Amino acid sequence: MNAALLIVDLQEMLVPLVWRGEELVDRVAALAREARRNGVPVIAVRQVGPGGTPFDPEDPGTRISSRLGLEPTDVVLDKTATDAFYRTGLAALLAERDVDTVVLAGLATDYCVDATARSALSHGLDVVLVSDGHSPAADGDPEAGLTAEQVVDRHNRILSAAVHPGGVVRLVPAAEVVFGR
């Protein structure tokens, strides 16, 4: 396994809005430290949009959470869609580094994490989905009658059962993620 840690949308303005956001950022920050110790690249993507919108790239709220403790060696990529691969150069970056597996964590479970996991498979990558490393909105999905915890559980089940010729999704809790090259 030649891995990269892929952190999706852990941004200053979003962390307070999601289920157990601060706890999540701290857990992912520990993963990032472990990845770096093992020579595994850390890539953070952030959602941006047009100027004057809530996702204005100049707005301080769109910055990656300072709690992550990003290092100068880490890569930050901007994205404009739920899929972190869509028009970002992420696929090329991973290919340059011979990455065949992304360890995936971030926000939001039912949007960008889901879309990025599926896209990673379409790009021929394996995915280690950090089963306790992603969160939906704090209130879950009230229209579907799902709590935040149920949204996480549901997406963990759906994504880990995905049948795709490009790769596989494995669920691994943060405490059990092993980075190796």
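The values are calculated or read from the model by the stated rules, or taken from the named source; none is laboratory data. Please read these numbers as outputs of a predicted model, since none were measured by experiment. Positions of Cβ are generated from backbone atoms using ideal geometry, with glycine treated the same way; all protein chains shown enter the neighbour counts. These accessible areas exclude ligands, DNA and RNA; they are computed on the full protein's heavy atoms, side chains included. Shrake-Rupley method; radii C 1.70, N 1.55, O 1.52, S 1.80 Å.
Work out the charge dipole of the stretch 50-152 with +1 on the Cβ of Lys and Arg and -1 on the Cβ of Asp and Glu about the Cα centre, then indicate which of Val76, Val130, Pro142 is farthest towards its positive end.
My answer, from the dipole projection, is Val76.
Among Gly106, Gly69, Gly145, which one shows the biggest mean-square fluctuation in a GNM of the chain, springs joining Cα atoms closer than 10 Å?
Gly145
Give me the 1.4 Å probe accessible area per residue for the chain, excluding ligands and nucleic acids, in Å².
Details: 8440 Å² over 181 residues.
That works out to 47 Å² per residue.
What spacing in nm lies between the two simple spin-label points modelled at His123 and His164, each 7 Å away from Cα in the Cβ direction?
1.1 nm
How high is the relative contact order of the stretch 53-181, given as a whole-number percent (alpha carbon pairs under 8 Å, six or more residues apart)?
Details: 170 pairs, mean separation 26.7, N = 129.
Worked out over the stretch 53-181, it gives 21 percent.
Would you be so kind as to identify which of Trp19, Phe55, Leu5 lies farthest towards the positive end of the dipole of the stretch 1-81, taking Lys and Arg as +1 and Asp and Glu as -1 on Cβ and the Cα centre as origin?
Positive-most Cα among the choices belongs to Leu5.
Taking every pair of alpha-carbon atoms in the stretch 45-143, give the share separated by more than 15 Å as a whole percent. Provide the component values of the computation, followed by the final result.
Numbers: 3224 of 4851 pairs.
Distances greater than 15 Å cover 66 percent of the Cα pairs.
Taking only C-alpha pairs under 8 Å that are 6+ residues apart, what is the relative contact order of the stretch 6-93 in percent? Spell out each step's value before the answer.
Values: 119 pairs, mean separation 29.3, N = 88.
Answer for the stretch 6-93 is 33 percent.
Amide H to amide H under 5 Å from Val103: which residues, 5+ apart in sequence or cross-chain, H placed 1.01 Å off N in plane?
Those qualifying (amide H under 5 Å, at least 5 residues apart or on another chain) are Ala4, Leu5, Leu6, Val128.
Which one, (i) 9.7; (ii) 12.9; (iii) 14.9, gives mean projected area of the Cα convex hull in nm² as derived from the coordinates shown?
(i)
Report the FRET efficiency, 1/(1 + (r/R0)^6), for Thr53 and Val76, where r is their Cβ-Cβ distance and R0 is 25 Å, rounded to 0.05.
Numbers: r = 19 Å, r/R0 = 0.77.
It comes out at approximately 0.80.
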